[in-house]
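The values are calculated or read from the model by the stated rules, or taken from the named source; none is laboratory data. Please read all numbers here as calculations on a predicted model, not as lab measurements. Cβ atoms come from the backbone with ideal geometry, glycine included; neighbour counts cover every protein chain shown.
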Amino acid sequence: RRPMADGTIQEVVQNHSSRVGMTPEDLEQSVLEHLFYTCGKDLRSATPLDVYRAISHATRDRLVHRWLQSKRTYFHHEAKRVCYLSAEFLIGRALAQNLLNLGIYHLAETSLDHRGLTLKDILEEELDPGLGNGGLGRLAACFMESLATLQYPAYGYGIRYEFGIFDQEIANGWQVERGDDWLRRGNPWEVPRHELSVGVNFYGRVEARVHVDGTKSMHWVDTQTVIGVPYDTPILGYQNNTVNTLRLWSAKASKEFNFSVFNDGDYRRAVEEKALSESISKVLYPNDESAEGKELRLKQQYFFVACSIADIIRRHKKRFDTLDNLPDQIAIQLNDTHPAIAVAELMRVLIDEESIAWEKAWELTKAATGFTNHTLLPEALEKWPVPMFERLLPRILQIIYEINRRFLLEVHVKWPNDDERKRRLSIIEEGPVKHVRMAHLAVVGSHSVNGVAELHSELVCTQLMPDFHDMWPQRFNNKTNGVTPRRWLLQCNPDLSEALTERISDGWARDLSELTKILEYKDDTEFRAEVRAIKRKNKERLAKVIESRHGFKPNLDSIFDVQVKRLHEYKRQLLNCLHIIALYQDMKENPESDRAPRTFIFGGKAAPGYMMAKLHIKLINDVADIINHDPAIRDRIKVVFLSNYNVSLAEIIIPGADISEQISMAGKEASGTGNMKFAMNGALTVGTLDGANIEIREEVGAENFFLFGLKADEVRGLKGSGYNPNHYIERSPRLRRALDLIASGFFSPDDPSRFQPVVNELRNLDTYMLCADFDDYFRAQFEVDQCYRDPENWTSKVIENLGNIGKFSSDRTIEQYCKEIWNLTPCPIDLTESF
Ligand code: GL4
């Protein structure tokens, strides 16, 4: 047998040019081969799904040599890399993005065209991987794409959930959840790496052994072991040769059940145990911004963290014979507290397995680790009951106690006799049941702690962790979020992308600050008209989706007013709904009132156990039902709740929006990232001074942003002095009337008291201060109306938004993480370099 030479990339690529070639013939040949050999079909018998699979494999083939070469380059150049640990990666569909980043999207389009197939239709065959809840998971995906585009060595580490975020259906106005079996048709993008499987221990006990030389070592024994199998997904940079790895761990039982005990009573138990251990990676917890204290969730967290740390250490030891240089080679970033247990796990590995002394291990751990906080909401802060922790992870708890003991000693030296302060700072919360505070563990074990927008980072220092900020002020910093312009402009808005490229060339896709060049065209009537025509076309595309699902086509001349995001009281979808009701009442009372027609579009999932959020969905749908069918309104208001909001639906909704609703109570939305995507796609924002809204407004100009509402410090002041919603309800006839209408059962004739809990909350508590902000919100919306009537004025605001949105590229965010936290330098991939 003639060996295929030594299998270097150069030879493989040369010998298989049709598998990697970029000519139309190569691509077509490759797709046909995959149809034949991978799917076992010919063109005549192929279904759209077969075609999708064949194209995906043909596309993946074109990534493989870049992927291998990227790994080899990092290894041989000893490039420092970031390991981004995240329980969520909301990556969205892969095919279109990979075709675009490879630069063969149009090639694929035309070669399918020759066969009478439409690429757009084929793309719809891909199931959207929903391995995240919302902004936090989507941010991780944007970061992975930017890291590859900027040619930084990076690994994403997470969980390969068998079931992602549930599919949402709306039945009779209510949210109904269905399991998201996203792998049912297979997944052409992932490659399992069974040979890199890792064993993870749970339960058992710790044994101290004293050695002849007097030293002591700890041994975690009698454990139950679960195997983590890594599945790798390639992450390609935009038109470069970098392919990084997203490594997701899947749980597998460690011992195959023994068939000799088939007739034994043990058989049933063995099967049950197998199923139990494999349930670890079964399903994503569907809560955004609220911690679920279930043991299985803690198992998930330790499972993927232990696998990832083992993987990191294994790879490091393969290259170096020491761990002393670990922080020079890797940066570990904790995406919120979900992976915070990495601090203790890395300590365990260094101490128990690598026999490194505590002090040294601690220095290495801190130097390698950074922590990002993503929320101030108290209900989202993770705490684990000590008894549960002790049972599940006894050795890890011991290490956390020792970390805490040494930390509190440090506190004592700095503030002697301040027990109150120690109590506040301790990693262990005292109480009837003690708890492990994961955010405290993350801060103590990291050299960097960052928030995700200026205001949020400031509140982390002053409100969330003032004691930690007192202790280590230099540890705290800000990294304002961003989104990748490749998915959120280039891919989802091809017409706008083309119009931009025509005028300012194509550099903006890799350097979004180049969008400022478009400001030159602000007064160009032709460009303005084109911007309007593109928006109309995108609204048409969105209107078709609405028509197919809701049976009516929205008026394209109406303002498409959009609020899409997770359902949460602090995001105040209810405030939007109150505005709609008030507008409706105004129109009923004054039928001749001359207001611009509007289509209100909502989308978003509520956590299945979050009853109030689910009631808000029902309210929106009930309000839609009444208003949409009221002949007196004559189509001047339409309300639509689009079910199952996810990444692929966002790619259609966002380019079709005129108005972006970013109306959280100030101080509650850490950053928001949808706000950035909308502005990037030519929508104007109605928003509060919250999260990244503040910085967006600063960039695009106050005159191009519809601002309303209390500021964060005013919210705090009001809360402190005793907030009373009735004070505002009494002074606002509009608000009072809207509340009365809901309370009267007008929107729920079949169950008049259905929305009593909603009205009661607003009248009695109004936790998120909708009443205080209502009148100002109504005023801002009136201004929107006036402005929309002047299309030239509106368009100039849209162009100011577009031209000044460059800051919110995740490329800018990632550059800052690399320079200011990770100390990474780019490592470009040369496909001709041999090692
Ligand atoms: C979130 C914040 O709520 C959101 O504002 C932010 O943009 C996002 C990414 O940083 O993180 N935090 C949690 S928890 N879920 C989010 O979406």
Practice problem: Would you check which residues across segment 367-382 are surrounded by fewer than 19 Cβ atoms within 10 Å (Cβ to Cβ) and either farther than 16 Å from L136 by Cβ or more than 12 Å from the ligand (Cβ to nearest atom) (or both) and list them? | Solution: A367, P378
Exercise. Only residues in segment 359-378 that are within 22 Å of A87 (Cβ to Cβ) count as the first member; pair them with residues that are modelled with pLDDT under 95 and within 16 Å of the ligand (Cβ to nearest atom), Cβ under 6 angstrom, at least 6 apart or cross-chain, and list the lot.
Key: T375/E289; L377/E289
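Among the residues of segment 199-209, are any of a type in the set (V, I, T) and more than 17 Å from Y155 (Cβ to Cβ)? Show your work before the answer.
Going residue by residue through segment 199-209, those that are of a type in the set (V, I, T) are 200, 206.
Imposing the further condition that a residue be more than 17 Å from Y155 (Cβ to Cβ) reduces the set to 200, 206.
Yes, the conditions are met somewhere in segment 199-209.
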Practice problem: Return a yes/no flag: does segment 301-308 have any residue that is free of Cβ contacts under 8 Å to residues at least 60 places away in the same chain and among the hydroxyl-bearing types (S, T, Y). | Solution: no
Self-check item: Checking C142 against (1) within 16 Å of the ligand (Cβ to nearest atom); (2) touching a Gly at 6+ places or on another chain (Cβ under 6 Å), the condition it does not meet
Solution: (2)
Self-check item: Any strands (runs of 3 or more DSSP E) falling wholly within segment 199-308 and containing at least 2 residues that are within 25 Å of the chain's Cα centre (by Cα), within 30 Å of D506 (Cα to Cα) and of a type outside the set (S, T, N, Q)
Solution: 224-236, 243-253
Self-check item: helices (runs of 4 or more DSSP H) wholly inside segment 740-835 containing at least 3 residues that are over 25 Å from I637 (Cα atoms) and under 26 Å from the mean Cα position of the chain (by Cα)
Solution: 791-803, 810-817
Quiz item: So E379 clears everything in (1) touching a helix residue (DSSP H, G or I) at 6+ places or on another chain (Cβ under 8 Å); (2) part of a helix (DSSP H, G or I) except one condition, right? Which one?
Solution: (1)
Quiz prompt | Residues of segment 223-235 satisfying the condition of being over 16 Å from V82 (Cα atoms) and touching a residue at least 60 places away in the same chain (Cβ under 8 Å) | solution = V226, G228, P230, Y231, T233
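Name the residue that is surrounded by the fewest Cβ atoms within 10 Å (Cβ to Cβ), counting only residues in segment 120-135 that are within 16 Å of the ligand (Cβ to nearest atom) and closer than 13 Å to Y161 by Cβ. Full working, then the answer.
Going residue by residue through segment 120-135, those that are within 16 Å of the ligand (Cβ to nearest atom) are 130-135.
Cutting the leftovers down to closer than 13 Å to Y161 by Cβ gives us 130-133.
Numbers: G130: 26, L131: 27, G132: 27, N133: 22.
The qualifying residue surrounded by the fewest Cβ atoms within 10 Å (Cβ to Cβ) is N133.
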Exercise. Looking only at segment 349-361, decide whether some residue is assigned by TED's automatic domain parsing to the domain that holds A310, closer than 22 Å to V200 by Cα, surrounded by 18 or more Cβ atoms within 10 Å (Cβ to Cβ) and small (G, A, S).
Key: yes
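Residues to consider are E420, E530, E429, E498; find the one that is assigned by TED's automatic domain parsing to the domain that holds T372 and more than 17 Å from T337 (Cα to Cα). Walk me through it before giving the result.
Details: E530 fails: assigned by TED's automatic domain parsing to the domain that holds T372; E429 fails: more than 17 Å from T337 (Cα to Cα); E498 fails: assigned by TED's automatic domain parsing to the domain that holds T372.
Within the list E420, E530, E429, E498, the selection yields E420.
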Practice problem: List the number of the failed condition for E651; all other conditions in (1) in contact with a strand residue (DSSP E or B) (Cβ under 8 Å, 6 or more places away or on another chain); (2) closer than 17 Å to G132 by Cβ; (3) in a helix (DSSP H, G or I) hold. | Solution: (1)
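Just to confirm my filter: which helices (runs of 4 or more DSSP H) fall fully inside segment 671-739 and include at least 3 residues that are within 33 Å of the chain's Cα centre (by Cα) and under 24 Å from H374 (Cα atoms)? Walk me through it before giving the result.
Details: elements: 674-680, 693-700, 712-720, 725-731.
The qualifying helices (runs of 4 or more DSSP H) are 674-680, 693-700, 712-720.
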